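Accompanying notes for the structure given below.
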Number of protein chains: 4
Amino acid sequence: MSFVYGKNIKISIFGQSHSDAIGVSIDGLPSGFPIDFDKLSGFMRRRMPGQGLHTTKRREADEPEFLSGLVNGVTCGAPLTAIIRNTDMRSSDYEQLRDIPRPSHADYTSYVKYGETRDIRGGGAFSGRLTAPLCVAGGICLQLLRREGITIAAHIAQIAQVTDRAFDPVNIGEAEINILEQAAFPVLDANTGGQMLDAVEQARCDGDSLGGIIECAVIGVPAGIGDPMFDGMENRLASVIFAVPAVKGIEFGNGFAASELRGSENNDDFIIKNGSVQTKTNHHGGILGGITSGMPVLFRVAFKATPSISKEQQSISLSQKEKVLLNITGRHDPCIVPRAVPCVEAAAAIAFYDALLEPKRKI
Amino acid sequence: MSFVYGKNIKISIFGQSHSDAIGVSIDGLPSGFPIDFDKLSGFMRRRMPGQGLHTTKRREADEPEFLSGLVNGVTCGAPLTAIIRNTDMRSSDYEQLRDIPRPSHADYTSYVKYGETRDIRGGGAFSGRLTAPLCVAGGICLQLLRREGITIAAHIAQIAQVTDRAFDPVNIGEAEINILEQAAFPVLDANTGGQMLDAVEQARCDGDSLGGIIECAVIGVPAGIGDPMFDGMENRLASVIFAVPAVKGIEFGNGFAASELRGSENNDDFIIKNGSVQTKTNHHGGILGGITSGMPVLFRVAFKATPSISKEQQSISLSQKEKVLLNITGRHDPCIVPRAVPCVEAAAAIAFYDALLEPKRKI
Amino acid sequence: MSFVYGKNIKISIFGQSHSDAIGVSIDGLPSGFPIDFDKLSGFMRRRMPGQGLHTTKRREADEPEFLSGLVNGVTCGAPLTAIIRNTDMRSSDYEQLRDIPRPSHADYTSYVKYGETRDIRGGGAFSGRLTAPLCVAGGICLQLLRREGITIAAHIAQIAQVTDRAFDPVNIGEAEINILEQAAFPVLDANTGGQMLDAVEQARCDGDSLGGIIECAVIGVPAGIGDPMFDGMENRLASVIFAVPAVKGIEFGNGFAASELRGSENNDDFIIKNGSVQTKTNHHGGILGGITSGMPVLFRVAFKATPSISKEQQSISLSQKEKVLLNITGRHDPCIVPRAVPCVEAAAAIAFYDALLEPKRKI
Amino acid sequence: MSFVYGKNIKISIFGQSHSDAIGVSIDGLPSGFPIDFDKLSGFMRRRMPGQGLHTTKRREADEPEFLSGLVNGVTCGAPLTAIIRNTDMRSSDYEQLRDIPRPSHADYTSYVKYGETRDIRGGGAFSGRLTAPLCVAGGICLQLLRREGITIAAHIAQIAQVTDRAFDPVNIGEAEINILEQAAFPVLDANTGGQMLDAVEQARCDGDSLGGIIECAVIGVPAGIGDPMFDGMENRLASVIFAVPAVKGIEFGNGFAASELRGSENNDDFIIKNGSVQTKTNHHGGILGGITSGMPVLFRVAFKATPSISKEQQSISLSQKEKVLLNITGRHDPCIVPRAVPCVEAAAAIAFYDALLEPKRKI
């Protein structure tokens, strides 16, 4: 159940970190859409490992092979399926983990859920590697949304204590978006990027890891997308965003900070601007009553530090029910936040494209 | 679509603030469950308006009438349906809002979505009043969960700048839970409760409103509830929690604060305690890889200040496309956070009960 | 789960034969649709009991009370909920059935599924009475479809051995449709109607019951409705039609008879007629590959004879595990087929309206 | 949407007749199940083309390659994905069909639905070839059901006018089932098999095709599987069965014949046999009120004759809007019914396994 998302499109993700392949099948894409494969590759590359000191050393081409749903690169209406072969795997790295769960990983909970026969290699289906097919699906949705004038862009708002400047909530420029799309390290203020990289490098040297916050903007969204109650855009976005490993929180507009503001401070007055209805400020983050207001949709996603660290940790032996000291070897990101940026964009694109297809609810 | 939730039970909510009735139909409840109606009434009373200075003056009995699904107070397997008649409505209060959307309410977005014929009276289906049927459903789920040893309790963690102490993440006492269940104003530290009420009263006098944060704990949850990827407990909880009006954020365990911690600080070592697997700390908030770890599930929900304030605000006329000054009359909560506490519990109960019914995923 | 239908609208049915009320909540209706309540009442009346010798003597007004979803009779976008109070119930008629399941009713299977606490009175949620809310939902969908130029009409194709003439598969006149809509006893050939009534009366006198076949036509359907594989129009229609009690089969176009024809006999040549693509014949029943072809959609539904008969039957005592002779008293239709005609239309309307809202699948 | 089935498991089918591969991803399989690959291959072979005169000459190994969901041949809880490469394709055979729809195929309706860019080669996603992944999923469900004591077996009940004997509705022997599983041509009465083959060969010589009926039995089903209203076993089975191309009807138990019987003839008396509740006869086909009664589930599926025939047919040019005479070349089954037998079993297995996982609905 849990690997299938969507109501108006169905995105079925499959694979494990060390299975023969990972992939995705997308049912419900419109026929006649020419996928820009170069653009998709560029997007996929943004989450690729092995690009710098701050990422895992495992290297993979991660080029999706398309098995169905296309005729000459154009969607044909049948489910589009893409797979990515897993190569460069060192499964032996993980053998000891069968009995000794890594702290703050899913090793123990997956053991309870799926038993001895779960795939422990590389985290199995709980691996961040599964965000690759999510990005294939999201990358295609991004292209479909762009066709409707909707653009999604995210940046690293914070790593450890270093914070980037935030998007201007009422006015996000196309230029800014383009810079983020091309950036090796997506921040709005280039200086903070350097400091973040320093912090990550420091953590790596310490055998430790860092978390952070990603801020995401969806611009060009017409008013009226999303639905009340259980299908609000917040509900929809959260449903997909929490599929990205290590996410621990999500907030919209002013979010948690809104709880300290008074109504008179947090309310956004309506105005007429260029003949259209807008709000003067955008504390609401572009969503009211679950439905987009036409203002930029803004949300922030909290990531915990990668639980894989080189430092010795305390765990237990599941079979012996006794204390064990654990030293994790293998290759790990000291901070997955930079690579998570396209994942957040992909997740948002999936949620928005699915919501966009919702039937019109007025005569 | 959007008023129906659940996979293993289906909860269909209906009604508008000023329709003849609001209600809920719950499909999938097990046959043979004797509902404790007194307990359910007590639970409903916790979200009732008209209990003090900090709530709206609208008074309603809000006693659900059960139309189906029961034989002599015991569930029979057929969908259980309960309605609550709407009385004490003053629809005329809302006539001007047809053309002038209230800032930070859903008046404008619902207009875009549903057009002129939307129900504007009292916010229509976007009203907080719809949380009453949510609480009927949640109140029943709470009773079903309690039967499985699972208890849910929430408290006001913060209103404006006043903060209550947090739950002890590894050890939440039954006594503490019972106090919250009975409390007129649910806080862990009674002193902070008084300060919060003062702050609310002050805001009311100023014609203004306040937001806040609710912390919720789910205890007695066995390890293994929830599913990977799109059906993790975080995804599931967020899906329902964002159905509660005014919610702007959710975080699990350390949440946003986790982004500033290193892995070595945020990881939770596994230990054997009383013969069972536990974690020494609970920064993860009881969920790893979307699946419960057996530790208390802890999450925090951010509420914005009630957008209805008496202060003059700026809005527009939708028909004239021109600026209008808006003075909202009628009865409004200066702070809905206290009344939202049972709503958060109800939402969590619904998400957990649905997840609990998920088929076993191992042979 | 099982009382909720639909993807683009959600229809939640509730109630039992002898609960306080039965009803339906419909989520996803477009805002701004003025329901023709007279027409809906007329439609509901066609399934009403107590209209003649061939139906049960239980009399009920069956006028739905609308609780939500409307403002001044016009849909407002919120879920539309209608309830029908149950009156004129004689629950004592059913007490013996708690232990002695009636042959070919759901008494035994509901006992296995829901246990002792199931509602046995009048068949509980398995009663044909639940088709009343189905008809409320279907009646509204019929009005919405009519607005799109789509009309649904059914007639009694057969009762016992008496057969009505079939619809002309390629040319079904508006006049014919109108006659069926008004008819007390919906047949195309009035003579066969009399013979059918005679057969029913004879069965009633014998303390026995009859089954039959209903043929249903959907006209004015544009080509392109329905989806491949699991969401074909046949799959969709069958999903709803089998919700009507006593249905034992469904066939499309030539149906079972097609199995005896050769391809050259059963294929429908394409032609251009009045500038549009049509087929010369309509053996396919208006659906190819799950998708409508633009020709009338034609299907037939088989109903078994009402299992409630006055004749003595053999059953068992569930508690004593021994043979029992059973004499069913109470009021029962000797043939539910005439009353099932609007139910089939309602079911078809629900399936078609839901399919019609499916997003466009081409750029 | 339409290529994903299931509530408790999700089966996502993908591919087109001439895409690089076809396949299926199954989410929700229990961890720890050792798939019997030999048995699965044997099952797949039963739907394979190229086995005799009555089938298409296209030959394919059709051995699924498993990409995910397994560790050493045992399910691990992650989605199981299998693909089958398409080889031996002659796409040029289909070029003329882009403009000239074949009678009674989905060429025209898929054109309306998906436009010019639909995949016309070999019927695209509407091809019977997509039943191969359906059989992979179904074959695995069959093994899972067998573990629960449930067996599914089907035979050719009729081809053209030749009819096989029917299953004994109350007593279907294990021996009979085993014979069908091994049979090259699955009939209960071997003599009728020969006559059927003769009829098929005759049709082939005439450049024509034949339809038929498949009868399917599900034995060992405990009472209580399936749900009321929209999720009855009939609804569930029909939902999947109509995914098999060329199916035009389905009936349960006495089915259409029941419409001619009186209640006293069609009702099945309850009896106690070997200490358990059974029915003396099984006109109801093992399902009452949507729920299994513990008797064998019996249903029949009508297949139209393969629409691909060599005889000249009349069609149109979509571009020129004019009459065209069409001669279909290429390789085609004169009768797909024999190959459809495992497909019906697979479809039934999927519907039953999904229903079996439904949560218990009593305390």
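What do you reckon, is D:Glu116 at pLDDT below 95 and assigned to a helix (DSSP H, G or I)?
Working: at pLDDT below 95: yes; assigned to a helix (DSSP H, G or I): no.
For D:Glu116, the condition - at pLDDT below 95 and assigned to a helix (DSSP H, G or I) - is not met.
Please name all residue pairs, on different chains or six or more residues apart, with Cβ atoms under 6 Å, provided the first residue is in segment A:338-360 and is within 14 Å of chain C (Cβ to nearest Cβ) and the second residue is part of a helix (DSSP H, G or I) and open to solvent by 10 Å² or more (accessible area, probe 1.4 Å). Within 6 Å, the pairs are A:Ala355/A:Arg236.
C:Ser259 meets each of the listed conditions (1) under 23 Å from the mean Cα position of the chain (by Cα); (2) open to solvent by less than 10 Å² (accessible area, probe 1.4 Å) apart from (1). Quick one: is A:Ala82 crowded, with 23+ Cβ neighbours inside 10 Å and at pLDDT 95 or above? Yes, satisfied. Taken over segment A:262-319, the criterion of being over 23 Å from B:Leu210 (Cα atoms), among the basic types (Lys, Arg) and surrounded by fewer than 24 Cβ atoms within 10 Å (Cβ to Cβ) is satisfied by A:Lys273, A:Lys311.
Quick check, is D:Gly69 out of contact with any Lys or Arg (no Cβ under 6 Å at 6 or more places or on another chain), under 30 Å from B:Gly224 (Cα atoms) and either open to solvent by 40 Å² or more (accessible area, probe 1.4 Å) or modelled with pLDDT of 95 or more (or both)? Here the answer is yes, as D:Gly69 does meet what is asked.
Working only within segment A:254-286, note down all residues that are at positive phi, in contact with a strand residue (DSSP E or B) (Cβ under 6 Å, 6 or more places away or on another chain) and assigned to a loop (DSSP other than H, G, I, E, B).
Filtering segment A:254-286 down to residues at positive phi leaves A:255, A:274-275, A:285-286.
Narrowing the set further to residues that are in contact with a strand residue (DSSP E or B) (Cβ under 6 Å, 6 or more places away or on another chain) leaves A:255, A:285-286.
The answer is A:Gly285, A:Gly286.
Only one of the numbered conditions (1) touching a residue at least 24 places away in the same chain (Cβ under 8 Å); (2) small (Gly, Ala, Ser); (3) assigned to a helix (DSSP H, G or I) is violated by C:Gly224, and that is (3). At the interface with chain C (Cβ under 9 Å from one of its Cβ atoms), out of contact with any His (no Cβ under 7 Å at 6 or more places or on another chain) and at pLDDT 95 or above, is that true of D:Pro296? Here the answer is no, as D:Pro296 does not meet what is asked. Counting only residues that are open to solvent by 10 Å² or more (accessible area, probe 1.4 Å), in contact with a Ser or Thr (Cβ under 8 Å, 6 or more places away or on another chain) and within 14 Å of chain A (Cβ to nearest Cβ), segment B:1-41 holds 3 of them. Taken over segment C:148-191, the criterion of being open to solvent by less than 20 Å² (accessible area, probe 1.4 Å), in contact with a Phe, Trp or Tyr (Cβ under 8 Å, 6 or more places away or on another chain) and more than 21 Å from C:His284 (Cβ to Cβ) is satisfied by C:Ile156 alone. Looking across D:Asp208, D:Asp227, D:Asp168, one residue alone is more than 21 Å from the chain's Cα centre (by Cα) and away from chain C (no Cβ under 14 Å). It is D:Asp168.
Scanning segment C:348-362 for residues that are open to solvent by less than 10 Å² (accessible area, probe 1.4 Å) and more than 11 Å from C:Ala154 (Cα to Cα) yields a count of 6. Candidates B:Asn266, B:Asn282, B:Asn254: the one that is in contact (Cβ under 8 Å) with a residue 24 or more places away in the chain, facing chain A (nearest Cβ under 7 Å) and within 19 Å of A:Ile309 (Cα to Cα) is B:Asn254. Residues in segment C:90-112 include at least one that is touching a strand residue (DSSP E or B) at 6+ places or on another chain (Cβ under 6 Å), open to solvent by 10 Å² or more (accessible area, probe 1.4 Å) and more than 30 Å from C:Phe185 (Cα to Cα).
Checking each residue in segment C:231-242 for being open to solvent by less than 10 Å² (accessible area, probe 1.4 Å) and part of a helix (DSSP H, G or I) picks out C:Met233, C:Asn235, C:Leu237, C:Ala238, C:Val240, C:Ile241. In the set (1) more than 17 Å from the chain's Cα centre (by Cα); (2) assigned to a helix (DSSP H, G or I); (3) closer than 26 Å to A:Gly32 by Cα, D:Arg129 fails one condition alone, (1).
Which of the residues spanning segment D:91-113 are at the interface with another protein chain (Cβ under 7 Å from one of its Cβ atoms), in a helix (DSSP H, G or I) and within 23 Å of D:Ala305 (Cβ to Cβ)? Within segment D:91-113, D:Tyr108, D:Thr109, D:Ser110 qualify.
Take segment C:176-191 and flag every residue that is outside any loop (DSSP other than H, G, I, E, B) and aliphatic (A, V, I, L, M). Give the steps one after another, and end with the answer.
Going residue by residue through segment C:176-191, those that are outside any loop (DSSP other than H, G, I, E, B) are C:176-182, C:190-191.
C:Ile177, C:Ile179, C:Leu180, C:Ala190, listed by residue number.
Only residues that are free of Cβ contacts under 8 Å to residues at least 60 places away in the same chain and among the acidic types (Asp, Glu) were counted in segment C:143-166, giving 1.
Would you mention how many residues in segment C:192-219 are of a type outside the set (Asp, Glu), surrounded by fewer than 17 Cβ atoms within 10 Å (Cβ to Cβ) and either in contact (Cβ under 8 Å) with a residue 24 or more places away in the chain or outside any helix (DSSP H, G or I) (or both)? Residues that pass the stated criteria total 1.
Select from segment A:252-268 the residues that are of a type in the set (A, V, I, L, M) and at pLDDT 95 or above and list them in ascending order. Outline the logic, then answer.
Here is the first cut: in segment A:252-268, the residues of a type in the set (A, V, I, L, M) are A:257-258, A:261.
Residues satisfying the conditions are A:Ala257, A:Leu261.
The values are calculated or read from the model by the stated rules, or taken from the named source; none is laboratory data. None of the values given here were measured: they were computed from a predicted structure. Note: ideal-geometry Cβ built from the backbone for every residue, glycine included; neighbour counts use all protein chains shown. For accessibility, only protein heavy atoms count, side chains too; no ligands or nucleic acids. Shrake-Rupley method; radii C 1.70, N 1.55, O 1.52, S 1.80 Å.
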